[in-house]
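Inspection log for the structure reproduced underneath, given as structure tokens.
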Amino acid sequence: MNKNNVLSAAAPWIGGLVALVALLAYGLTLSPVFYPGDSSFLLAYHLNLMPFPPMANLLWNWVVDVVAAVPVGSLAVRMNAFNALCAAVSVYLLFTLVRDQRWSAARDPHAPVVPESIKTWGAVIAAVYFACSIPVWVAATRAHPMAFDVVLALLPFRLLQKAAQRNSPGLIYLSVLVYGLALTEYSTMVALGPVLGVALLVVLLRQGRLSFGVILGLLGVFLIGLAPYFIAAWLYLQHDAYAWREFTSYGLALKYIWLEQWNTLTRGLPRVGWLTMGMLTTLPWFIVFAYRLTPRPRTSAARLGQTALHLLIGGIFIAVLWDIPLSPWRLSGGSPLLIMPYVFAAMGMGLVAAFLMERLLPSRGQPPGPGSRLARLVLGVLLVALPAVLAVLHLPVTSGRTGVVAAQHNQLFLDSLGDRDWLLTTGENDGELALLARQQGRKITLINTRNGHIQSYQNYLASLFDDARLQSLARVSLAALLKEWLDRPGVLARVGVMSSPDLWEAMGYQAVPEGLLYTGEPNDATRDPTPLVDAFMVMADGHGRRLLEASERDRVSPAARWNLGYRLEFARQANNLGVYAEDQGRPEQAERLYREALRFNTNNISALINLTTAARRLTRPDQAELEARLDAMVKAQEGSYTLWSLSRLHGYVRAPEMFASRGW
């Protein structure tokens, strides 16, 4: 067996090794928790923990149910590990697609035979590039449908490629079937359909299978692949959401599934920069791919020009992987998670690498010397090492472990709820809360106050109550419902509110900061705030310190904005608890809390106003320093706030006259 045959036989093992190394790397950086943001929301949504069932990512919805039923480890780790496995499979599929593609024009007598070693090097470099790209690593280390979707996107092309190699009609039909299934799951398959269609026609023509009967059969198989659409619409009819959304027919449910997929496709492209994205990934890939299918240049000037072009395109691909400001990751901001541009960039990088290695081959008829082999080896190692080095540098962005502190914060939301089973939220982290409650076996009803004006959500709220009056009020307004419901015996002790204490004030109650939430009590109620203050200070010294460190250390990961947001909320909570303590006649405790609020947010002007007032009243030695600091902050932020916006962003100001005395 000659060297080329050995390399050809070993190629699947080499691709498998690359995928295995990628899987191990993903595993080392896997998120051990429900990662905040899109990941948790989508997972909760597809586990039917949210009021309305999903109308997109239909196959992933069923996969999630299967993985959730596996009684091994925590749900978070199972789902995140499944994503790592999907990403590794997509790395392998991309390796095989590049390795087994057509490397030269079929009728070009001057085209040299591309050595198996160069094909393998090109595939390895493409796979490593893809595995190390930021969005792929992000999708691999936390729950997200994109890792699964990319597998489905690559699989029809790989099956068609194998059908061409083996002259297998069965694989052609299977490719079309998988494409149909993928279309129901991943909206980008609409754009990839013409590419697969052209490739399919080429294969059918070359194998002499293009006939009306075959086309009809392929169409039938494709329609079978679309079955998840019709199954999902039927399942939607069985769900209460069918009535909440006031659907009137099966066809209407099916229509909205298609509309949701279309909206997903249109939302998948950034409003600004989508053309730039294509110019840096898809177009360069097309250029280097088309080069392989055209006759090779015969003059040295033409060859030099093509070498320069490939070097330029290779530089573009490296810049994209480096994450320049115009890269798809930067342009999209990570949401939506765009991976397909990196698929094209990775395949293009593999072709560029193979081209450059071919240029290092000796002239035709000359035996390969050790210098040529060494040069190709050095080039290959460098082009594999560069993505690996960039992957390490990008770990602050891509590692799933960056979400741990934010996940702990969400757990503290649930801990603060105590025995209460109703939580009014702003909807931003409902996914994380629903997942944590499910994991702990807790039955908690989340009410998203921002959706209270939506008719379908009002119908959902009405379904939560047996009382006819409450059902009617729910369909009028959330405020009317809460006003009536909270006044009923025993309800007040079951409800907590996140973020906005003003909701309690609007309902005629006093907001009490308990942990990270607000509970309500009658306006004339009094209590010793010491237990609340002591518990908060313990939390501040433990979790608060970790939150502060995480927000200062991590400024680039998807969790960074959550850590920063929670830190600012923590400062606001400390300030509002201080105001409550002062209202209950505990000025020393209040002062301590105001200082704590400023530790978490030095720009919390509400806490600084309150602390300055308290220091003046308690004649503290740093009173003058606080006055000067407040004057400087007021001057820097003059006109930035009204009293209401100050309360919403930074917490209550206990002495409004201090606010007014500064000219606000």
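The values are calculated or read from the model by the stated rules, or taken from the named source; none is laboratory data. Computed from a predicted structure; not experimentally measured. FYI the Cβ positions are ideal-geometry reconstructions off the backbone, even for glycines, and counts take in every protein chain you see. Heads up: the accessible areas ignore ligands, DNA and RNA and are worked out on the full protein's heavy atoms, side chains in. Shrake-Rupley method; radii C 1.70, N 1.55, O 1.52, S 1.80 Å.
Count Lys and Arg as plus one, Asp and Glu as minus one, and take only other residues whose Cβ is under 11 Å from that of A123; the net charge is then 0.
For the chain, the longest principal axis of the C-alpha atoms and the axis of helix 227-238 are separated by about 20°.
Rounded if a/c is under 1.5, else prolate if a/b is larger than b/c, else oblate: which is the stretch 531-662, with a ≥ b ≥ c the root eigenvalues of its Cα gyration tensor? Kindly include the intermediate steps, with their values, before the conclusion.
Numbers: a/c = 1.84, a/b = 1.27, b/c = 1.45.
Because a/c hits 1.5 or more and a/b fails to exceed b/c, the stretch 531-662 counts as oblate.
Evaluate E = 1/(1 + (r/R0)^6) for A227 and Q408, where r is the Cβ-Cβ distance and R0 equals 45 Å; express this FRET efficiency to the nearest 0.05. Could you put the intermediate results ahead of the total?
Numbers: r = 42 Å, r/R0 = 0.94.
Working from the Cβ atoms, E equals 0.60.
Below 8 Å, C-alpha to C-alpha, sequence gap of six or more: please give me the relative contact order for the chain in percent. Contact order relative to length: 14 percent. Straight-line cross-link reach from K443 at under 25 Å between alpha-carbon atoms covers these lysines, not counting any fewer than eight positions away in the same chain: K483. Listed by chain and number, the aspartates and glutamates whose C-alpha is less than 19 Å from the C-alpha of K255, apart from same-chain residues fewer than 8 away, are E185, D240, E246. Taken along its principal axes, the alpha carbon cloud of the stretch 391-499 reaches lengths of 59, 29, 22 Å, longest axis first. Average accessible surface for the chain: 44 Å² per residue, computed with a 1.4 Å probe over protein heavy atoms with every protein chain in place.
For K162, a cut-off of 28 angstrom between C-alpha atoms picks up these lysines, skipping any fewer than 8 places away in its own chain: K3, K119.
Per residue, the average separation of C-alpha pairs within less than 8 Å and at least 6 apart gives the stretch 90-206 a relative contact order of 24 percent. From the alpha carbon centroid of the stretch 129-150 to that of the stretch 423-475 is 32 Å. Near G403: Cβ cut-off under 14 Å, other residues only, Lys/Arg at +1 and Asp/Glu at -1. The net charge is +2.
Taking all Cα pairs closer than 8 Å and separated by 6 or more residues, the relative contact order of the stretch 457-613 comes to 14 percent.
Sum -39500 (n - 2.57) across every DSSP H segment of at least 4 residues in the chain, then divide by the residue count to get the 222 nm mean residue ellipticity, nearest 500.
Working: 34 runs with 448 residues, N = 664.
Value at 222 nm, helices only, nearest 500: -21500 deg cm²/dmol.
Over the stretch 128-249, with every protein chain in place, what whole percent of the accessible area is carbon and sulfur at 1.4 Å, could you tell me? Taking all protein chains in place, the stretch 128-249 shows 73 percent carbon and sulfur surface.
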